[in-house]
Each structure stands twice: as structure tokens, then as C-alpha cells.
1. Go through region 259-275 and give me each residue that's surrounded by 20 or more Cβ atoms within 10 Å (Cβ to Cβ) and under 13 Å from residue 286 (Cβ atoms).
2. Taking the stated definitions as given, is residue 151 of a type in the set (Val, Ile, Thr) and more than 30 Å from residue 171 (Cβ to Cβ)?
3. I want to confirm something. Restricting to region 126-148 and keeping residues that are more than 39 Å from the chain's Cα centre (by Cα) and either in a helix (DSSP H, G or I) or among the charged types (D, E, K, R) (or both), which single residue is surrounded by the most Cβ atoms within 10 Å (Cβ to Cβ)?
4. Need pairs with beta-carbon distance below 7 Å; first residue charged (D, E, K, R) and within region 274-293, second modelled with pLDDT under 90 and crowded, with 17+ Cβ neighbours inside 10 Å; sequence gap 6+ or separate chains.
5. Which one of 93, 51, 83, 105 is at pLDDT below 90 and under 20 Å from residue 231 (Cβ atoms)?
6. Identify the residue in region 240-250 that is part of a strand (DSSP E or B) and not hydroxyl-bearing (Ser, Thr, Tyr) and, among all such residues, is most open to solvent (accessible area, probe 1.4 Å).
7. In this structure, does residue 278 turn out to be within 12 Å of residue 245 (Cα to Cα), at pLDDT 80 or above and not aliphatic (A, V, I, L, M)?
8. Quick check on region 95-104. Is at least one of its residues within 21 Å of residue 193 (Cα to Cα) and open to solvent by less than 30 Å² (accessible area, probe 1.4 Å)?
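The values are calculated or read from the model by the stated rules, or taken from the named source; none is laboratory data. Just so it is clear, the structure is predicted and the values come from calculations on it, not from any experiment. Note that each Cβ is placed from the backbone with ideal geometry, even for glycine, and that neighbours are counted across all protein chains shown. Surface accessibility is based on the protein's heavy atoms, side chains included, excluding ligands, DNA and RNA. Shrake-Rupley method; radii C 1.70, N 1.55, O 1.52, S 1.80 Å.
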Amino acid sequence: MKSKLIRGALWSCLALPLFLLCARFPLQAQQQSAPQAVLSQTTAANPSQAETTSGVTRVVDQYRIGARDVLNIRVTAGRLVPELSMDGVEVDECGRIPVPSVEQEEQNEIQAAGKTRTELAEELRAFYKKYKKNPQVMVIIKEYNSQPVAINGAIMKPGQFQMRRPVRLLELVQFYAGGPTERSSGRIQLARASNFNPCTSSSDSANSIEFSEFDVKDTLAGEEKANPYLQPGDVITLPEAKEAYIVGNVLRPGPVLLKNNNVTISQAIAMAGGTLPDSKKDQVRIVRQGAGGQTKMIVDLKAIDNGKATDIALLPNDIVEVPVAGGKRIFRSLVGAIVPSIGQLPVRVIP
């Protein structure tokens, strides 16, 4: 009986701290997940407008309305004013929306593009003061259509995306487009229209395209110079790497990707698994396609390994053949090396 009383007292002493400890963890998890939830619900534009609550920076009403966005506008003056409210009004290509008035014959337009919801609501409120006493205006963005960016090429999930907040290149490439594929050349090209507004006066300078190029590794590392904020209309391309072909007495004959255009012959052979025994390493042959036809070079891998010869950089479509020593010469089918599945096709005779 005494042991039961002792166990009961111990349990009473431990129960309250244990309950408080268990209750604490869900609260901490909820607090830690809050920044992500706020970010996903935030809409796009000026990163300078922010407030800090409990150490969490929240972007506030920063999305800048643009052409082809669809808005709902509610006007109240003690009650809803239906003749001044609008549902599903689309911002035209020049960034304007129609503004209804009490006088039916009066037609008005207002510039909506470039403003936040709060700024547009305040401008409409000032306009409606001549019709209603102390009107209140609420602007709701029903559809986000004005800030498209596109990404294509050697990327896992190519496509077009609509931005609702400031987005950097790294975030689009890695988190939304899934990251580069193994066929990526290691470069990122960004094409940007200097003027994305079709209603401004057209000229060569106003409608020119600006091109930028970055290293994928720098972008994925978050380096400032290779991770710019994206702008509406940006087109991002990850070019695929060109290929050279390794055939002959190597472990894995076939194509190798020339990433960053600086793959040397020794690196390419290593990418193909290296040479097999009895390879004639001093008689490796490069067949290169050029404007004037084919050129052939003999390369001494032994001399390159010993630092006595230059390790030649390969060019796209180079064919590297590693022969076998002892009078036997292996030349594995180039077609079979480049497309291994071709060996499974039936063989037909051409008469």
C-alpha cells in the first residue's frame, strides 16, 4: 500500500511538468512554420515595404497591380454601394480600369497598374468622395495575370509562372522548376525586355531585349550577382550541354557532356570510365568536324598524365577513339555507342 502511495505521489509531481513540456512542442512548431505560411500568402512587388512581428518579417500589401490582372472592387458608405462596386474588372494592356460614376453619361478611367491594392483603394476613395460621404473602398485581386516569367531548357519542370511577390532567380530555378537536369551546360541565360508595357511609344531602345548569363553553381549558391530579382516577362533558359563521343577501348563508350565548354580529353575519357587494359594510350585519336571537313589528331595520354603534353579541350561533336595495343584495333560502333538501344532493333538488308 505504501509503495502505491509513493508511486502516486511521484506521478503527481511529474505529470504537470510533463504536460507542460508536451504542450509546448506544438506551439513551437506552429511558430516556426508561420514565416513559410505568411510567405506563401504574400503577394508581389516592393520588398522594402515590410513589418516585423515577433521576429518574423512580413511583406505587407506589396504586390503591384499590372495589365491583365482581374480585380474586385467593393465600395461602401454605411452599406454596399452596388452602382460603384465592380466584380471581375480586368486591367487593360495600358494598365487602366473603368471607373463607374453616379452620372451615367460620365465615363472615367483610372490608372491601376503600378499601384498596390491600398494605393488604388485610396485613389478610388478620393474620387468617390464627390458622390458619397466618407466612402470606403476595398480592392481585391481576383486573378494574378500580369507578372509572368518562363523557364525552359535543361530544367526539371519547364513552364510559365505567375509571380505574386518578389522572386529571385534561385527560388524559381531550384524550388519551383525543380533544378537543372544532368544535361545542363552549367549556364543560365536570362532574356529581359527593357520595356514590358505595350502601350508606351515603341522604339528600338524601348523594345530591346537585354541578355544576361550566369553560372548555375553561382546561382545555386545564392551569390548576389548571379541571383537577381525577376521582372515580368523574363525568359530564363538553361542550355543543354553539347556532346563529344568516346569510343574504343574504354569502360563505357558513348556521349559525354561538355559542361562549361572546358572538358579536356583526359577528363572525357575519365567520364567514360577510363581506359581498359591493353589500350594504346599514346595513339588516342580525335576526329573533329570543322567548316573545312574532318581533321584528325593523335594524342598521347601518357604524356598528358606526366605533364609533358597539353590536355586538349574537346569541342562539340568530337569523336575520341581509344585503340587497343598488340596489333588489334577496336572501333566499337559509333551508332551503338551514342544510341545503345539501337542494338535491339531488327537488322534489315538494303538490296
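1. The answer is 263, 265, 268, 269.
2. Details: of a type in the set (Val, Ile, Thr): yes; more than 30 Å from residue 171 (Cβ to Cβ): no.
So residue 151 fails the test.
3. Taking region 126-148 as the starting set, the residues that turn out to be more than 39 Å from the chain's Cα centre (by Cα) are 126-136.
Now drop any that are not either in a helix (DSSP H, G or I) or among the charged types (D, E, K, R) (or both), which leaves 126-130, 132-133.
On the way: 126: 11, 127: 16, 128: 22, 129: 11, 130: 9, 132: 16, 133: 8.
The qualifying residue surrounded by the most Cβ atoms within 10 Å (Cβ to Cβ) is 128.
4. If the second residue must be modelled with pLDDT under 90 and crowded, with 17+ Cβ neighbours inside 10 Å, the pairs left are 278/324; 280/324.
5. Details: 51 fails: under 20 Å from residue 231 (Cβ atoms); 83 fails: under 20 Å from residue 231 (Cβ atoms); 105 fails: under 20 Å from residue 231 (Cβ atoms).
Exactly one of 93, 51, 83, 105 is at pLDDT below 90 and under 20 Å from residue 231 (Cβ atoms), namely 93.
6. Of the residues in region 240-250, the ones part of a strand (DSSP E or B) are 240, 242-248, 250.
Now restrict to residues that are not hydroxyl-bearing (Ser, Thr, Tyr): 240, 242-244, 246-248, 250.
On the way: 240: 104, 242: 119, 243: 40, 244: 0, 246: 0, 247: 0, 248: 0, 250: 0 Å².
Per the criteria, the residue is 242.
7. On the way: within 12 Å of residue 245 (Cα to Cα): no; at pLDDT 80 or above: yes; not aliphatic (A, V, I, L, M): yes.
It is false that residue 278 is within 12 Å of residue 245 (Cα to Cα), at pLDDT 80 or above and not aliphatic (A, V, I, L, M).
8. For region 95-104, residues within 21 Å of residue 193 (Cα to Cα) and open to solvent by less than 30 Å² (accessible area, probe 1.4 Å): present.
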